[in-house]
1. Got a sec? Which of A:70, A:110 is within 7 Å of another protein chain (Cβ to nearest Cβ) and either crowded, with 16+ Cβ neighbours inside 10 Å or touching a residue at least 40 places away in the same chain (Cβ under 8 Å) (or both)?
2. Just checking, does the stretch A:183-201 include any residue being within 11 Å of another protein chain (Cβ to nearest Cβ) and crowded, with 19+ Cβ neighbours inside 10 Å?
3. Would you mind telling me which numbered condition in (1) within 13 Å of chain B (Cβ to nearest Cβ); (2) under 20 Å from the mean Cα position of the chain (by Cα); (3) touching a residue at least 12 places away in the same chain (Cβ under 8 Å) residue A:103 fails?
4. Is it true that some residue in the stretch B:134-142 is in contact with a helix residue (DSSP H, G or I) (Cβ under 7 Å, 6 or more places away or on another chain), outside any loop (DSSP other than H, G, I, E, B) and surrounded by 14 or more Cβ atoms within 10 Å (Cβ to Cβ)?
5. If you check residue A:133 against the conditions, is it more than 8 Å from every other protein chain (Cβ to nearest Cβ), in a helix (DSSP H, G or I) and buried (at least 16 other Cβ atoms within 10 Å of the Cβ)?
6. Assess whether residue A:208 counts as being closer than 12 Å to residue A:48 by Cα and either surrounded by fewer than 24 Cβ atoms within 10 Å (Cβ to Cβ) or touching a strand residue (DSSP E or B) at 6+ places or on another chain (Cβ under 7 Å) (or both).
7. Name the single residue, out of those in the stretch A:113-129 being at the interface with another protein chain (Cβ under 9 Å from one of its Cβ atoms) and farther than 18 Å from residue B:172 by Cβ, that is surrounded by the most Cβ atoms within 10 Å (Cβ to Cβ).
8. In the stretch B:162-200, how many are at the interface with another protein chain (Cβ under 7 Å from one of its Cβ atoms) and surrounded by fewer than 19 Cβ atoms within 10 Å (Cβ to Cβ)?
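Just so it is clear, none of the values below were taken in a lab; they were calculated from the coordinates. Predicted model, so just to flag it, every value in this text is computed and none were measured. Virtual Cβ from ideal backbone geometry, glycine too; neighbours counted across all protein chains shown.
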């Protein structure tokens, strides 16, 4: 299976490079014997808000991490705005899962946001008042301005998520990739995050979100990418977010309650 | 105590103790936050085969070949640990356990199987080092600090640990931002283009070099204690990384000075005749500081969202 993917990856790499904000071709990632993501193609639409959805363990986060070079794929090709990933790092902002870091780390909120400016500051560049102002402005956009000097261990889950989003905003990127930003956050935070993401879209930025709540897909997003190790469907919500595709992606794992709920949403 | 007694007998061991403690505590801050603190323990075990091989190759007990052998063994161990961790997909602690027991066993086996029986490589020396013997016989008092002839007679361990400390400080100063970033959020650091694997390897190699230089002068007990106790105690005194590193240096120096003085004079104050091991006392003091910080430190509890497992 993996050999096949490698062959496929070679074949697909000959394909023309698109100008898509994020184009993935023949991506296969494996943590052990079984691939987590198998021979996936994805073409993100510029200026759109795309949800990556699929059941637990379907490879949603892995797809994102491999696209960003955080995990090394077995095969496949990633281009960002038509160029190799390494050349385009400055145009990408990433929001990892909240639970992926140790919030006991000794640092303050403002320091976390300033990490988003690392590429500009470099190893020894001086931190100017302008940099600080940008970090504070990013915090203000997620409603966390007053928490700038707070120790990160004192934040609630929702506040942690907002700080991570503020760090991404400070990067002033063209492509925003978020891994489960709505997982385990309060309703106020969810509202704050979605309004920030919508403002990014309005400013012409591209937003890709690993999302788990099927009920909010039609409200929040205009494109979806369904995955269950392999790509199931991709396209505008109206076309790709259908009961058939969901059944294909989730199989028997979609609870009856969820199906009912979706039936209402999808009409 | 007069300068003519203190300078030749106590100044250099104390300085070497301080420099060794700080050289280990500095990288220890990052190792503790990365949950890799026991790597100091691992390193002090794995250097044994390196020292034995260096002796077998050169046939003499000389500091530099042994240092190189030890450093080589430490680097091999670090690479093995990383390789086992990644290939076997197991947690770092388990990989360390496998590597350091294997290499320590290999060292003992080499020692037993080859003609090294006449060599003085005993357990006590390896554990407690030989801090009290690192005296400066050419000194006659404070004036000797300005006397080039006397300075030439300074114990070689002093310059070696000083050079090591300068290298450690240089590394942490230069890579402060990427070290902090990748320790807190490795995935995000990678999306910025930081080579986190390489940086993590460099950190462990720097720690290994500090451990080997300190090991030679003060033994493995101090090395293990200084990698963990001052940084762990410092974490509970402050909520910033800069503050933690500062406190860890203060605690390392305090442990070295208090430990040395108490080991030398403590037993006499209690009416005993002999001094106790300075290295053992320094490690004990650092443990006491950690206990006090854990009980009374201002930043030892958290109030935000619970840690997710």
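1. One residue alone meets the criteria, A:70.
2. yes
3. Against the list (1) within 13 Å of chain B (Cβ to nearest Cβ); (2) under 20 Å from the mean Cα position of the chain (by Cα); (3) touching a residue at least 12 places away in the same chain (Cβ under 8 Å), residue A:103 comes up short only on (2).
4. no
5. Numbers: more than 8 Å from every other protein chain (Cβ to nearest Cβ): yes; in a helix (DSSP H, G or I): yes; buried (at least 16 other Cβ atoms within 10 Å of the Cβ): no.
The answer is no for residue A:133.
6. Details: closer than 12 Å to residue A:48 by Cα: yes; either surrounded by fewer than 24 Cβ atoms within 10 Å (Cβ to Cβ) or touching a strand residue (DSSP E or B) at 6+ places or on another chain (Cβ under 7 Å) (or both): yes.
Yes, satisfied.
7. Within the stretch A:113-129, the match that is surrounded by the most Cβ atoms within 10 Å (Cβ to Cβ) is A:116.
8. 2
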